[in-house]
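Presented below is the structure to which this report refers.
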Amino acid sequence: MGLFTVFIAVLGVIFGSFLNVVIWRLPRRESLVRPGSHCPSCNKPIRFYENIPIVSFLFLRGRCSSCKARISWRYPLVEFLTGLALVLIFLTYGFSPITLAYSVLALFLIPIGFIDWDTGFIPDVLTFPAFIIGLILVFSLGISNWKSVLIGSLGAGGILYLIGFIGRILMKKESMGMGDVKLLVVLGVYLGLKGALLSVFFGSLAAMPLILISMALKKLKLKDHIHFGPFIAIGTGVYMIWGESIVKGYLNLLAP
Ligand SMILES: [Zn+2]
């Protein structure tokens, strides 16, 4: 298990390196394969040994080797997060179908979270494949059945749509994007209704302090549109890894 965990970690940061490309290029409608990686500042192509996840960033001290422009710390962060997510999922579920399905979901949620954070928009080119691949995975691996998938995706998407609808009436303004609703449909496929709703709940708890701080600093008004994608992604991560223990712990508190 130990050696395999290292393998998963390495695989994770390599996937993370590709997710960086997705996060940067997808909203700009650039090709994911061509041209190869280049410095956004001086356009110098990045050599393969300067493109080793995390290691190169540390080695180059976060600067382009040619023009010395700062490289965003987000690159190593995304690589680290991806590696961490896959390792935690593997350590939680071992060699199982769940590990495979949850890892795939994580690989979609990381770019979805970052792109929504940047642009306020969750691209269909991510949610739609996540949905189709999710259906294939949960059925072929026997993780779920059509009934829970149907209830999960329609229920979770429907409830979020309803929340958005009520929000629109109360605030007289779009409060929740259709992207969030589609994301919940995807979560319903992988996690079922309970898992999807708990993920949103955990995500809201994660968003709450940030929203309150921003409002206190007057950087956010009640009427502002909140990009909920990153928090749904965080909440889903929490659910996938600690969800069952949190629920069990909570039930034990209620009935010791
Ligand atoms: Zn440069």
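The values are calculated or read from the model by the stated rules, or taken from the named source; none is laboratory data. From a predicted model like this one, the values you see are computed outputs, not experimental measurements. Heads up, the Cβs are rebuilt from the backbone with ideal geometry, glycines too, and the neighbour counts pull from every protein chain shown. Heavy atoms of the whole protein, side chains included, go into the accessibility calculation; ligands, DNA and RNA do not. Shrake-Rupley method; radii C 1.70, N 1.55, O 1.52, S 1.80 Å.
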Applying the selection to the stretch 187-213, what residues are more than 26 Å from ILE151 (Cβ to Cβ) and open to solvent by 40 Å² or more (accessible area, probe 1.4 Å)? MET208, PRO209, LEU210, LEU212, ILE213
Filter pass, LEU109 being crowded, with 21+ Cβ neighbours inside 10 Å and in contact (Cβ under 8 Å) with a residue 40 or more places away in the chain: yes
For the stretch 47-64, how many residues are surrounded by 15 or more Cβ atoms within 10 Å (Cβ to Cβ) and within 9 Å of the ligand (Cβ to nearest atom)? 1
Those residues of the stretch 69-80 which are out of contact with any Cys (no Cβ under 9 Å at 6 or more places or on another chain) and either polar (S, T, N, Q) or within 14 Å of the ligand (Cβ to nearest atom) (or both) amount to SER72, TYR75
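Restricting attention to the stretch 26-46, does a residue exist that is away from the ligand (no atom under 16 Å from the Cβ) and in a helix (DSSP H, G or I)?
Of all residues in the stretch 26-46, those away from the ligand (no atom under 16 Å from the Cβ) come to 26-34.
Subset that is in a helix (DSSP H, G or I): none.
Checked against the condition, which is being away from the ligand (no atom under 16 Å from the Cβ) and in a helix (DSSP H, G or I), the stretch 26-46 yields no hits at all.
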List the number of the failed condition for GLY158; all other conditions in (1) modelled with pLDDT of 90 or more; (2) under 29 Å from LEU32 (Cα atoms); (3) not acidic (Asp, Glu) hold. (2)
In the stretch 137-158, how many residues are open to solvent by 70 Å² or more (accessible area, probe 1.4 Å) and under 21 Å from the mean Cα position of the chain (by Cα)? 1
If you check every pair at least six apart or on different chains, which have Cβ atoms under 7 Å apart with a residue in the stretch 23-46 that is in the same structural domain as ILE71 (by TED's automatic domain parsing) and of a type in the set (S, T, N, Q) first and a residue that is more than 8 Å from the ligand (Cβ to nearest atom) and assigned to a loop (DSSP other than H, G, I, E, B) second? SER37/ILE46; SER37/ASN51
From the list ILE163, ILE132, exactly one residue is farther than 29 Å from PHE18 by Cα and open to solvent by 60 Å² or more (accessible area, probe 1.4 Å). Which is it? ILE163
